[in-house]
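Here is the structure we will look at.
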Amino acid sequence: MSLIFSFIPYIKRLIVLILILFGLAVGFILSKALFDLSIYSNAVFDFMIDKSSYNVAYFSSSLIGALGIISFIGLVLLVGSWVERRMIAKFQIRVGPNRVGIFGLLQPIADAIKLMQKEVLVPAVADKLLFFIAPVAIFIPAILAWAPIPWGPNMTYLNINIGILYIFAVSSLTVPIIFFAGWSSMNHYALLGSMRTVAMMVSYEIPISLSLLSVVIITGTLNLTEIVLWQSSNSIWLGLLIPFSLFTFFFSSTAEINRTPNDIAEAESEIVAGYHIEYSGMKAGLFMAVELGNAVLLGALVTSLFLNGWFLFGLENYIPPYIIFIAKTVAIYIVLIWLRATLPRFRLDQLMNFAWKMLIPVSIINFFMIAIETTIITNLDSSKYIIYLFAIINIAVFVGLIILWSKIFKIDKFSPEKIAPIFAQKIGGIKAMEGTKSVD
Amino acid sequence: MIEFSTYNVIFFSISSFTLISAISVGLVNSLMRSLFFLILTFIGVAGLFILLSADFIAIAQLLIYAGSISILLLFAVMLTPESSTNNGNSKYFLPGILIGIIFTYLMVALVTIFQFNQLSGIHLKKLDFDNTIASIGELLLGKYIIAFELASILLLFALIGAISIVRSNESDFLISLNNKDKK
Amino acid sequence: MVLTNLQVPGKELSEIITEFSSDSVLDFSEDWVQIDKSNLLKILNFMHTNSNIDAAQLCNLTAVDMLDYFEVHYHLQSLDLKKLYSLKVIIDRDTSSLPSICDIYLGANLQEREIFDLFGITFTNHPDLRRIFLWEGFAGHPLRKDFLQMENVTPGLPSFPFEEEGKQNR
Amino acid sequence: MTVQENYELNIGPQHPSTHGVFRIKVSMNGETIEDLDMIVGYLHRSMEKLSEERTYTQNIPFTDRADYLAAMSNNLGYCLAIEKLANVIPPQRATVLRVIFAELQRIASHAMANGTLVSDAGAWQTPLLYMFREREKILDLFEMTCGARLTTNYMRIGGVAFEPPAEFYPLLNDLLGELPDKIDEYMDLLSTNEIFIARTKNVGIINPKDAINASLSGPALRGSGVPWDLRKADPYCDYDNYDFDVPLGLIGDSYDRFMVRMFEVKESVKIIKQALNNLPLGMHKTQIPLALRPEPGQLYFRTEGPRGELGYFVVSDGGPAPYRLHIRPPSLINLSLLKQLAIGSSLPDAIVTLGSIDIVVGEIDR
């Protein structure tokens, strides 16, 4: 009898195991049927074009794709905050949300219901129109930017030739919206937060565009699908070929989407919440949701630009490619959570210095190197091994440039012995200090 | 008579959106709000470009005007004293109206003089650029290379000029500081 | 009668001070020295600068209401010599003003503000003499012994501080 | 013509980084602080006035509530002051127990201080919760001994209130065994973290002369490199019998104050180990008269609290209640230099400086 009771703590884990096995089995059965989701949209299109005009068919089939993407974003917003809170709880030696539903999975829904029930306070001096519009409008670029993401071989919703430019243009619309959110609150904290956001976003768009330029020049296209296909045809991940671009893009994007260590726009210990300090209830919830959605969007972008999209060493032939894509995206998201749980925050001037004095010049050098390499690659017939060589060269140059820059700006690593406290030999004031002082 | 097609519905909704926001730019009292409507106008214009199958220009419009120029204007407004107060009683009201009338006249004249049939979206679509951005790139770095290079040199000079203006002020400032220290 | 380890006996300290300024020590006991109010700044400056006394730090500054008069206690310490000096100044209840020692000891700033707030002793030449714990306009000074017997004053908050009449809703 | 206007920002009374109801009104030019005004008193309970109406023993709970993060140290300082005034000599066992609890409280308080400092620097609560892991164990020990975690009310005039239970000692030994490793873990996480160093190094530098002149004490003074610790300079509770070192900062910046606290925790562990080895048998409390009436007189008695010189100025008129009881609040007096430090620095730096000084609002306002 006691044997049975001793198993009780493990029942939860057993359930998880069973669920995972069950999911795998169902996934295996469904993977054939759900291998390529685009066929369903095409089927709708074929069905509708018989019944009605081209426009109606086009509209209804594209609606299905859009609904698919929006429902994925909705799922991300529901599960993402749970994942983040549970993960951070694990980092912080606590349990995390575990009361609502099994493993607290329903916690985001409970949060949303609580936020919706809360009274939405509007400051008396606020600019009511802009204050109302900002949290709604900030959702638009966050959702629009998902359109050209390539989920699988035929699963790009908006397969346009200017995919990167499109994402870049749409996401740049966030800046004025955040500014309006901060300005219309008529709160000094909010204004400070929005000014910080604008200053940082304006600065960090340059390294982002330089790093994306390296990607574009080496692949010769702005189309995200073709970038993914270029990586698989040359059998290298761009993240390995141009590591500095990956680093620049990732780091700068954390600044753009206000994630630690660059979350100075809403630094809770300094300016409390930054631009959305005056928002309450679901309006604040919308800002938080967009922040979370942007983090996952960053994961998707890094995946398709640098991590070879839906390809994973031939595994994409056996399991649905979009599953691989989502897995990679979630991996990047988890890296973001890891950073958030670990690192303190930079100061504004440190971040600005880093962008202008380190990232931009090094990105330009990196860009020129990649331009030279691209000309060599395009003029050679068998470019496969030369690309591997370039990957090694690029990594070496990446490390070398960082060392060079730290020498130029005299950033020497603080050695722990040099900054550890000393111990007093004698107790007293200034006179006793002279006895113990052994540094500088 | 305008035919009722999907294209026209979309065109008229986007253009009315653009027009309404453009008119609101002048009508609202708060400078910030007019800036907000200006951004909406930029976005509407980008939509019109998309209808003209000019996707690159549409994106450039979004990127440069809605994304960047608007930030520049935001800073300009932030540096303007009393930016949030009533701007309806501006002394530039009459000149503004006059200039507006002149521009309206010019626009109407342009529209009536030119034959826009060949330049509308459907006709452009028939030309069928398979890859706009590639064609634009080839044109810029082929046929119009001199214009492109001249533009880039102009921008470079503008950049250097801006930096040098700032630097010269700063050096004056530093010199005055040094003199102060010497005294 | 009660001396802590480091405390300099009052007699010794009074001799040192008398040597510097003959008529400023008014009284002394085993553990404190009462000095003249008018010579306070001079004596503290001397104690601060003199290397044999080396009163580098002001530990504690507080006041006591003795019903007829106020006592203000200065506890100075020397870190190098490991000594604690206890000085005392007696001031009138009515005029109740003292020169501020902020120029000599930076740390006196907040403590003098506290005494001003809770006892109503004004410190002349203090850079920023305002109430610190209680709001401007609080009636009376709570650490005075007669605080609760004040006329026309009921302890407690009549209304929220800074709240103006009829301006509750902006 | 350019018009330059500073704008005002109210940091607090409700702000994550003021560690309580404490308000700083800053006048800012962009991100730079041009002027600063501290506004305290939101938590003012006038303990000093209240204590004049209560007997000496009844005043002990007030001291818990002054510095609610270091209740044991406050109890100890008050009880020692009254014992000195009333000539009560506590038994030897009580003295050693007091040392153990005061040092445990110092560890808990420093853990809280450093954790919140790192939170102020922007780490999303992870270091804070790591620090809390050890603090929780210490508070459990407190709870086991005296039933309360924060407001312990453990020390008595003439000893301590309760004998620790039997299961206290093995748990304490476990804690002492693992604490140095845990501190090394924090050091790995933080003291060599580039971002943390960038945020705290050279921020809020207090030079030693200013520190002494502005009456700073505790880790804020030692962070500036001034070797001053009342446990060594003016030993109470037989601290001169224990072997421990006084860590000193190098240049007096926020990082030094952080590191001084870290190393002080290690020293406290050493002290507790020695105290446990020398814990004598006997009574934990002497009998004192119910209505303690010390002879008329006055006394300024200070101990080294976690935040600095915790002094009690007691005036007795021979009655059962103190005629005047003044608590010297190290938190308040350590703030003397905040204005000079903050003006000219940026807002994040000022926040880190404030965090490194480590204030407790309950003690500031009393």
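The values are calculated or read from the model by the stated rules, or taken from the named source; none is laboratory data. Computed from a predicted model, the values in this text were never measured in an experiment. Cβ: placed from backbone, ideal geometry, glycine included. Neighbour counts: every protein chain shown. Heads up: the accessible areas ignore ligands, DNA and RNA and are worked out on the full protein's heavy atoms, side chains in. Shrake-Rupley method; radii C 1.70, N 1.55, O 1.52, S 1.80 Å.
Name the strands (runs of 3 or more DSSP E) wholly inside region C:82-170 in which the number of residues that are β-branched (Val, Ile, Thr) and at pLDDT 80 or above is 2 or more.
Working: elements: C:83-92, C:97-99, C:122-124.
Result: C:83-92, C:122-124.
If you go through region A:254-274, how many residues are open to solvent by 10 Å² or more (accessible area, probe 1.4 Å), assigned to a helix (DSSP H, G or I) and more than 13 Å from chain D (Cβ to nearest Cβ)?
So the answer is 1.
Scan the helices (runs of 4 or more DSSP H) fully inside region A:114-200 and keep the ones with 2 or more residues being away from chain B (no Cβ under 11 Å) and either open to solvent by 20 Å² or more (accessible area, probe 1.4 Å) or farther than 29 Å from D:Glu31 by Cβ (or both).
Result: A:128-137, A:139-144.
Provide a single number: the residues in region A:343-362 that are β-branched (Val, Ile, Thr) and either at pLDDT below 85 or not assigned by TED's automatic domain parsing to the domain that holds A:Ala265 (or both).
0
Search region D:300-316 for residues being in contact with a Lys or Arg (Cβ under 6 Å, 6 or more places away or on another chain) and under 19 Å from C:Leu76 (Cα atoms), and hand back the single one that is farthest from the other protein chains (Cβ to nearest Cβ).
Initially, region D:300-316 is screened for residues in contact with a Lys or Arg (Cβ under 6 Å, 6 or more places away or on another chain), giving D:301, D:304, D:306, D:309, D:311, D:315.
Next cut, under 19 Å from C:Leu76 (Cα atoms) only: D:301, D:304, D:309, D:311, D:315.
Details: D:Phe301: 6, D:Glu304: 11, D:Glu309: 6, D:Gly311: 5, D:Val315: 5 Å.
Result: D:Glu304.
Look through C:Asp94, C:Asp36, C:Asp103 and report the one residue that is within 30 Å of A:Ala432 (Cβ to Cβ), more than 9 Å from chain D (Cβ to nearest Cβ) and open to solvent by 30 Å² or more (accessible area, probe 1.4 Å).
Just a single option satisfies the conditions, and that option is C:Asp103.
Of the residues A:Ala355, A:Ala341, A:Ala371, which is within 14 Å of another protein chain (Cβ to nearest Cβ), of a type in the set (Gly, Ala, Ser) and over 21 Å from A:Gly299 (Cβ atoms)?
So the residue among A:Ala355, A:Ala341, A:Ala371 that is within 14 Å of another protein chain (Cβ to nearest Cβ), of a type in the set (Gly, Ala, Ser) and over 21 Å from A:Gly299 (Cβ atoms) is A:Ala371.
Under 7 Å between Cβ atoms, at least 6 apart or on separate chains: pull out the pairs that start in region D:230-241 with a residue that is closer than 8 Å to D:Glu304 by Cβ and end on any residue that is assigned to a helix (DSSP H, G or I).
So the pair list comes out as D:Arg231/D:Tyr239.
For region C:106-120, what are the residues that are open to solvent by 20 Å² or more (accessible area, probe 1.4 Å) and at the interface with chain D (Cβ under 10 Å from one of its Cβ atoms)?
C:Leu106, C:Asn109, listed by residue number.
Keeping to region A:363-385, report how many residues are of a type in the set (Phe, Trp, Tyr) and without any contact (Cβ under 8 Å) to a residue 40 or more places away in the chain. It would help to see each step written out before you state the result.
Step one: list which residues in region A:363-385 are of a type in the set (Phe, Trp, Tyr), which gives A:367-368, A:385.
The next check asks that each one be without any contact (Cβ under 8 Å) to a residue 40 or more places away in the chain; those that pass are A:368, A:385.
Summing the residues that are of a type in the set (Phe, Trp, Tyr) and without any contact (Cβ under 8 Å) to a residue 40 or more places away in the chain in region A:363-385 gives 2.
Test of understanding: among D:Ile359, D:Ile327, D:Ile351, which residue is out of contact with any Gly (no Cβ under 8 Å at 6 or more places or on another chain) and either of a type in the set (Ser, Thr, Tyr) or surrounded by 23 or more Cβ atoms within 10 Å (Cβ to Cβ) (or both)?
On the way: D:Ile359 fails: out of contact with any Gly (no Cβ under 8 Å at 6 or more places or on another chain); D:Ile327 fails: out of contact with any Gly (no Cβ under 8 Å at 6 or more places or on another chain).
Sole residue among the options that is out of contact with any Gly (no Cβ under 8 Å at 6 or more places or on another chain) and either of a type in the set (Ser, Thr, Tyr) or surrounded by 23 or more Cβ atoms within 10 Å (Cβ to Cβ) (or both): D:Ile351.
A:Ile393 fails exactly one of the following numbered conditions: (1) in contact (Cβ under 8 Å) with a residue 60 or more places away in the chain; (2) closer than 18 Å to A:Asn234 by Cβ; (3) open to solvent by less than 70 Å² (accessible area, probe 1.4 Å). What is the number of that condition?
Among (1) in contact (Cβ under 8 Å) with a residue 60 or more places away in the chain; (2) closer than 18 Å to A:Asn234 by Cβ; (3) open to solvent by less than 70 Å² (accessible area, probe 1.4 Å), the lone unmet condition for A:Ile393 is (1).
For D:Ser224, work out the one condition from (1) farther than 21 Å from C:Leu106 by Cα; (2) surrounded by 23 or more Cβ atoms within 10 Å (Cβ to Cβ) it doesn't fulfil.
(1)
Going by the structure shown, is A:Leu336 part of a helix (DSSP H, G or I), in contact (Cβ under 8 Å) with a residue 12 or more places away in the chain and more than 9 Å from every other protein chain (Cβ to nearest Cβ)?
Judged against the criteria, A:Leu336 is a match.
Could you list, in sequence order, all residues of region C:54-76 that are part of a strand (DSSP E or B) and facing chain D (nearest Cβ under 8 Å)?
C:Gln57, C:Leu58, C:Cys59, C:Asn60, C:Thr62, C:Val64, C:Asp65, C:His73, C:His75
Just checking, does region D:53-67 include any residue being away from every other protein chain (no Cβ under 14 Å), open to solvent by less than 30 Å² (accessible area, probe 1.4 Å), outside any helix (DSSP H, G or I) and within 30 Å of A:Pro344 (Cα to Cα)? Please lay out each step first, then the result.
The initial filter retains those residues of region D:53-67 that are away from every other protein chain (no Cβ under 14 Å), namely D:54-65, D:67.
Cutting the leftovers down to open to solvent by less than 30 Å² (accessible area, probe 1.4 Å) gives us D:56, D:59-60, D:63-64, D:67.
Pick out the ones that are also outside any helix (DSSP H, G or I) and you get D:56, D:67.
If we keep only those that are within 30 Å of A:Pro344 (Cα to Cα) as well, we get D:67.
Yes, because at least one residue in region D:53-67 is away from every other protein chain (no Cβ under 14 Å), open to solvent by less than 30 Å² (accessible area, probe 1.4 Å), outside any helix (DSSP H, G or I) and within 30 Å of A:Pro344 (Cα to Cα).
Based on what the data block shows, is A:Ala199 touching a residue at least 12 places away in the same chain (Cβ under 8 Å), over 26 Å from A:Val76 (Cβ atoms), outside the structural domain of A:Ser38 (by TED's automatic domain parsing) and touching a Leu at 6+ places or on another chain (Cβ under 8 Å)?
yes
Inside region D:146-170, can you point out the residues that are among the hydroxyl-bearing types (Ser, Thr, Tyr) and buried (at least 23 other Cβ atoms within 10 Å of the Cβ)?
D:Thr152, D:Tyr154
Could you say which residue among A:Leu144, A:Leu173 is of a type in the set (A, V, I, L, M, F, W, C) and over 24 Å from A:Ser41 (Cα atoms)? Reasoning before the result, please.
Numbers: A:Leu144 fails: over 24 Å from A:Ser41 (Cα atoms).
Unique residue meeting the criteria: A:Leu173.
State yes or no: is C:Leu26 touching a residue at least 40 places away in the same chain (Cβ under 8 Å) and within 14 Å of chain D (Cβ to nearest Cβ)?
No.
Quickly run through region D:37-46 and pick out the residues that are outside any loop (DSSP other than H, G, I, E, B) and surrounded by fewer than 19 Cβ atoms within 10 Å (Cβ to Cβ).
Within region D:37-46, D:Asp37, D:Ile39 meet the criteria.
Output the residues belonging to region A:224-243 that are surrounded by fewer than 23 Cβ atoms within 10 Å (Cβ to Cβ) and not in a helix (DSSP H, G or I).
A:Asn234, A:Ser235, A:Ile236, A:Trp237
Name the residues in region D:149-187 that are in contact with a helix residue (DSSP H, G or I) (Cβ under 7 Å, 6 or more places away or on another chain), aliphatic (A, V, I, L, M) and free of Cβ contacts under 8 Å to residues at least 60 places away in the same chain, would you?
Within region D:149-187, D:Leu171, D:Leu175 qualify.
Starting from region A:12-40, take each residue that is free of Cβ contacts under 8 Å to residues at least 60 places away in the same chain and list its partners that are charged (D, E, K, R), counting only C-beta distances under 8 angstrom and pairs at least six apart or across chains.
Partner pairs satisfying both residue conditions: none exist.
Looking at region D:309-338, which of its residues are under 23 Å from D:Arg54 (Cβ atoms) and charged (D, E, K, R)?
Answer for region D:309-338, where residues must be under 23 Å from D:Arg54 (Cβ atoms) and charged (D, E, K, R): D:Asp317, D:Arg324, D:Arg328.
Residues in region B:11-32 that are over 20 Å from B:Ile64 (Cα atoms) and either at pLDDT below 85 or buried (at least 18 other Cβ atoms within 10 Å of the Cβ) (or both): how many?
7
Out of the residues in region D:263-282 that are under 19 Å from the mean Cα position of the chain (by Cα) and over 13 Å from A:Phe423 (Cα atoms), state the one that is most open to solvent (accessible area, probe 1.4 Å).
Filtering region D:263-282 for residues that are under 19 Å from the mean Cα position of the chain (by Cα) and over 13 Å from A:Phe423 (Cα atoms), the one most open to solvent (accessible area, probe 1.4 Å) comes out as D:Lys270.
Of all helices (runs of 4 or more DSSP H) completely enclosed by region D:207-296, which ones contain at least 1 residues that are of a type in the set (S, T, N, Q) and within 14 Å of chain C (Cβ to nearest Cβ)?
D:208-213
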